[in-house]
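Written below as structure tokens is the structure these notes are about.
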Amino acid sequence: MLPTNKQSAGPSQNRVPDVTFDFWLIKLMAVTMGETAADYLAVNLGLGLTVTSLIMTGVLIVALVLQFAQKRYVPWAYWLAVVLISVVGTLITDNLVDTFGVRLQTTTIAFSVALAATFAVWYASERTLSIHTIFTTRREIFYWLAILFTFSLGTAAGDLVAESFDMGYLTSGLMFGGVIGLIALAYYLVNLDAILAFWLAYILTRPLGASFGDLLSQPVEYGGLGFGTTSTSMIFLGCIVALVLYMTLKKTAGDADEILLESD
């Protein structure tokens, strides 16, 4: 795991989850589903990129309103927002590339700049980028804006490597997985800054998940395994629901233990 430095917020105050193995597992599934679900809605259902983008942006806004209303980490609300922002982030990049003809190189650079600017303003305002201190509305706004840009950037970078550089989905996925592995080694072996390690890994899990999502869903003639976007999306949705249920039960048990400790 790649944890970040914990600071002043207590477990009941923080609005995002701790960085654990199940955090990375469900995050990887969410970004994979974001890729396949966007393709399913836009292509398989025939809604097109514009209509799909408008619908999913509206749904995402509702999900974020629910998330902001919690004022604490609630698994179903948080991960619903993550899945939907993954879909919308993918659609933003797809619209720029497919509808407006913006090159993948350009979108990759643009979202890199947007993400860097978000981090710069966030740090200038709050003096930290740690996800363990998301206990105010302003910090949560910075957090979700950064998450959106990581998904759009990951989509652009993943497509750039897999398609424009003609590396293929499997090779791209293995490459991004290898880079994440190197970041983990740097964190554990040479004390790479925890916050930097987290955000680098978070960005790279998007193209990692997208590469394997495309590998599973795309037709064999295009380098995939041919499972289709419907089956792939449903499989990952089922896994996400099961993990969210597990996280909810675990958090409920943890909150009960915290209350008992405070009462002693």
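Expressed as a whole percent, the accessible area of the chain that falls on carbon and sulfur atoms is 71 (1.4 Å probe). Distance between the C-alpha centres of region 28-99 and region 188-254: 14 Å, rounded to the whole angstrom. How much net charge surrounds residue 42 when only other residues with a Cβ under 11 Å from its Cβ are counted (Lys, Arg +1; Asp, Glu -1)? Computed value for this residue: -3.
Taking Cα centre as origin and charging only the Cβ of basic (Lys, Arg, +1) and acidic (Asp, Glu, -1) residues, the dipole magnitude of region 21-250 rounds to 880 debye.
For the set 145, 189, solvent exposure ranked by accessible area (probe 1.4 Å, protein chains only) runs largest to smallest as 189, 145.
Surface analysis of region 41-150 yields an accessible area of 44 Å² per residue, using protein heavy atoms and a 1.4 Å probe.
The values are calculated or read from the model by the stated rules, or taken from the named source; none is laboratory data. No experiment lies behind these values; they were computed from the predicted model shown. As a convention, Cβ positions derive from the backbone with ideal geometry for all residues, glycine included, and neighbour counts pool all protein chains shown. For the accessible areas, the whole protein counts, side chains as well, though only heavy atoms, and no ligand, DNA or RNA atoms are used. Shrake-Rupley method; radii C 1.70, N 1.55, O 1.52, S 1.80 Å.
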